[in-house]
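Visitor: Below are the structure tokens for one structure; questions will follow.
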Amino acid sequence: MTQTLTAPKVKVDRKWQLWIGGKFQDGASERILTNPADGKTLCKVAEASKKQAEEAIKAARKAFDEGPWPQLTAMERAQFLFKLADKIDENADELAELETMNGGKPLREAKYDMADAANCFRYYAGLVTKPTGQAIDVPAPSITTVVREPIGVCAQIIPWNYPLLMAAWKLAPALAAGNTCILKPSEYTPLTAIRLAEILHELELPEGVVNILTGDGAIAGNTLAESKLVDKIAFTGSVKTGKAVAAAALGNLKKVTLELGGKSPMVVFSDFDVDTAVDYALFAIFCNAGQVCSAGSRLLVEETVYDSFVKKLVERAKTITVGPGLEADTEMGPLVNEVQLKRVLEYIEIGKKEGAKLETGGDQPKGDKYGKGFYINPTIFTGVKQDMRIVQEEIFGPVVVVQKFKTEDEAIEMANGTDFGLAGAVFSNDINRAYKVIKKLKAGITWVNSFHNTYNECPWGGYKQSGWGRELGTFGLETYTEVKQINVNLDPAPVGWFEKK
Ligand code: NAD
């Protein structure tokens, strides 16, 4: 029996506008959003034109060049960010519900995201007031200090899988460091970013310090990437778009950071408890319906426990409750939109054609509660080969491949055998072995006997084609600063370089 939550408290049938230079305005056009849980129309949202994107850039430029935000003390900026974090907490129920209605994820996941987003602002508010820079012992009579300064106007383009959280990962360090921003949310999930604009407006953030530009990637996003008035672009999304953004950014050699896709391995050795490993494997791939950049989409299991692991994995995957995100017993929601649904179903067909064995899933759940929603059942493939597309390419849905290995070296070779290098995990009770394997993994985020732990305090980003640079932690703040050395001569006297002897 499905336990339905009270009807949505959030009103979505309202105006959803752009926020440019501290003013809300209509877009040049409107996009109709669909509720992924039932396929019905949700609301209309403003879409920015190229001209409106240019206006947002100019507003951010003016706010940076004329202040006051960059000139505030670190403590003053921190105080603002702490207030913002408190407001996110106060509005967390509404924001989480909105996130679920817009993107489809179960409410319990959206609630985690809201708390994480608030804490991200708190983390950077705290960090920016801590000691920074260097004092360097150069030959007398000079003294040298190294200071960090804001970069300037930062354009930030984010995907649809963690809408408000990705906005926080981008805005928190940028604002803490004294930059001004234009945030472009995904055209599919812009609602919480617009609510964030309303909260920032209420808190009286100076005009133009943050601009929220909803709209199409090829128009709004590309205008940001190309603009010579933008000093830095921070992008999170697919490898394909990331490469286009990096190419467009070349015009003025703006600073670029890229957080891209993954095909992350979870390696399970036979000395580890199979039931616990299966439990982590389910969480690794089916959380947020697999729409997670660091999803554990490849399971590598030691030969001696492979059969029992697969049997238990399949049994447990079949018990996952798929349904609308707002229903209390839902464990896995729909995919974000129809495009994504078709894409994932296509990959499932590719897997079958490639000769992989479909152990469970691969289809859409049936029943009234699913309406015309974008659901796919948890899907598991075995019998795969390393060069198959379903092993090599990011599917970004609830689809996992299970591979068998004999030796540690074979596990490492398979784990590293894709173009990606975002995350990876090793499960073993032999800490020496686990550490040895982790050291050989070409990935930026790794776990031993765990999966998906994400901390605002720790660097996030990938090796190989999973990206450039790191977000979060001290690394995340550094990528929003320029480094300047200041040399002071304490005893100026003629250099004498061109003096005639
Ligand atoms: P996407 O690349 O399609 O879109 C991302 C953003 O780029 C959107 O806002 C989109 O409008 C914009 N965009 C599209 N074309 C553009 C262009 N030509 N110029 C500028 N901007 C443009 O990605 P998506 O489908 O929204 O998100 C899924 C992808 O994001 C997956 O590959 C996933 O792995 C990745 N992701 C990575 C991380 C990470 O931290 N590494 C986190 C979340 C998601």
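Each reported figure results from applying straightforward, stated rules to the coordinates on display, with no laboratory input. Small disclaimer: the values here were computed from a predicted structure and weren't measured. All Cβ positions, even for glycine, are placed from backbone atoms using ideal geometry, and neighbour counts span all protein chains on display.
Visitor: Largest first and in whole Å, give the semi-axes of the range 383-487's equivalent ellipsoid, each being the square root of 5 times a Cα gyration tensor eigenvalue.
Guide: Equivalent ellipsoid of the range 383-487: 30, 17, 13 Å, largest first.
Visitor: Turning to a different aspect of this structure: Under the definition of Cα pairs under 8 Å and six or more residues apart, what whole-number percent is the relative contact order of the range 244-361?
Guide: Here the relative contact order equals 22 percent.
Visitor: Pairs of Cα atoms under 8 Å, at least six residues apart: use those to get the relative contact order of the chain, whole percent.
Guide: After rounding, I find 18 percent.
Visitor: Quick one: what are the phi-derived ³J(HN,Hα) couplings along the range 51-68, Karplus 6.51/-1.76/1.60 with θ = phi - 60°, whole Hz, x for glycine and proline?
Guide: Karplus values, whole Hz, x for Gly and Pro: 4, 5, 5, 5, 4, 5, 5, 5, 5, 5, 4, 4, 5, 7, 6, 9, x, x.
Visitor: Go through 476-489, 77-90 and give me the packing order, highest mean Cβ count within 10 Å leading.
Guide: Averaged packing, sorted descending, gives the order 77-90, 476-489.
Visitor: Oh, and also: Projected onto the charge dipole of the range 364-438 (+1 at Lys/Arg Cβ, -1 at Asp/Glu Cβ, origin at the Cα centre), which of 426, 364, 380 gives the Cα projection farthest towards the positive end?
Guide: The listed residue farthest towards the positive side: 364.
Visitor: Also: What is the order of 165, 98, fewest Cβ neighbours within 10 Å to most?
Guide: Lowest count first: 165, 98.
Visitor: Counting other beta carbons within 10 Å of each residue's own, what order do 380, 136 fall into, fewest first?
Guide: In increasing order of surrounding Cβ atoms, one gets 136, 380.
Visitor: Determine the distance separating the Cα centre of the range 204-281 from the Cα centre of the range 158-195; give it in Å without decimals.
Guide: Cα centroid to Cα centroid, the span is 11 Å.
Visitor: Name the GluC sites (Glu not before Pro) in the range 195-249 that are in a loop by DSSP and that have at most 11 other C-beta atoms within 10 Å, would you?
Guide: Listed in order of number, the matching sites are 204.
Visitor: If you place +1 on the Cβ of every Lys and Arg, -1 on the Cβ of every Asp and Glu, and leave all else neutral, what size is the dipole of the range 453-501 about its Cα centre, to the nearest 20 Debye?
Guide: Result for the range 453-501 is approximately 280 debye, rounded to the nearest 20.
Visitor: Please list, in chain and number order, the residues 5+ apart from residue 47 or on another chain whose amide H is under 5 Å from its amide H, with Hs placed from the backbone.
Guide: 27, 28, 29, 30, 31
Visitor: Among 398, 107, 227, which residue has its Cα furthest toward the positive end of the charge dipole of the chain, with +1 on Lys/Arg Cβ and -1 on Asp/Glu Cβ?
Guide: 227
Visitor: Can I ask one more? Order these by the 10 Å Cβ neighbour count, fewest first: 471, 315.
Guide: Result, fewest neighbours first: 315, 471.
Visitor: Under 5 Å between amide hydrogens, which residues at least 5 positions from residue 181 or on another chain qualify, with H placed 1.01 Å from N in the peptide plane?
Guide: Under 5 Å from the amide H of residue 181: 154, 210, 211.
Visitor: Calculate log10 I(q)/I(0) of the range 444-501 for q = 0.21, 0.26, 0.27 Å⁻¹, where I(q) comes from the Debye formula with a single equal point scatterer on each Cα and nothing for solvent.
Guide: Each listed q corresponds, in turn, to -0.92, -1.11, -1.14.
Visitor: Let me ask you something else. Just from its helices, what would the mean residue ellipticity at 222 nm be for the chain, if runs of 4 or more DSSP H residues each count -39500 (n - 2.57) and the sum is divided by every residue, rounded to the nearest 500 deg cm²/dmol?
Guide: Computed mean residue ellipticity for the chain: -11500 deg cm²/dmol.
Visitor: Over the range 289-354, one equal point on each Cα, no solvent: what is log10 I(q)/I(0) by the Debye formula at q = 0.12, 0.14, 0.18, 0.24 Å⁻¹?
Guide: -0.45, -0.61, -0.97, -1.25
Visitor: Each residue of the range 271-285 in order: what ³J(HN,Hα) in whole Hz does its phi give by Karplus 6.51 cos²θ - 1.76 cosθ + 1.60, θ = phi - 60°, with x for Gly and Pro?
Guide: Per residue, the Karplus-derived 3J(HN,Hα) values read 7, 8, 4, 4, 4, 5, 4, 4, 4, 5, 4, 5, 5, 4, 9 Hz.
Visitor: For residue 42, which sequence-distant residues (separation of 5 or more, or a different chain) have an amide H within less than 5 Å of its own amide H, given hydrogens modelled in the peptide plane?
Guide: Answer set, sorted by chain and number: 33, 34, 35.
Visitor: Turning to a different aspect of this structure: In debye, nearest 20: dipole of the range 316-376 around its Cα centre with unit charges on the Cβ of K, R (+) and D, E (-)?
Guide: 180
Visitor: Could you pull the Cα extents of the chain along its three principal axes, largest to smallest, in whole Å?
Guide: On the principal axes, the chain reaches 85, 59, 37 Å in Cα extent.
Visitor: Calculate one ³J(HN,Hα) per residue across the range 463-476 by plugging θ = phi - 60° into the Karplus curve 6.51 cos²θ - 1.76 cosθ + 1.60, and present them in order as whole Hz with x for glycine and proline.
Guide: So the J values, rounded to whole Hz, are 7, 6, 7, 7, x, 10, x, 9, 10, 6, x, 5, 4, x.
Visitor: Let me ask something else. Quick one: Cα centre-to-centre distance for the range 328-347 and the range 371-385, in angstrom?
Guide: The range 328-347 and the range 371-385 have Cα centres separated by 9 Å.
Visitor: Continuing with this model, one more query. Among the listed pairs 243/372; 105/406; 15/255; 11/369; 263/439; 50/130, which have their C-alpha atoms separated by more than 29 angstrom in this model?
Guide: Violating the 29 Å Cα-Cα cut-off are 243/372; 105/406; 15/255; 50/130.
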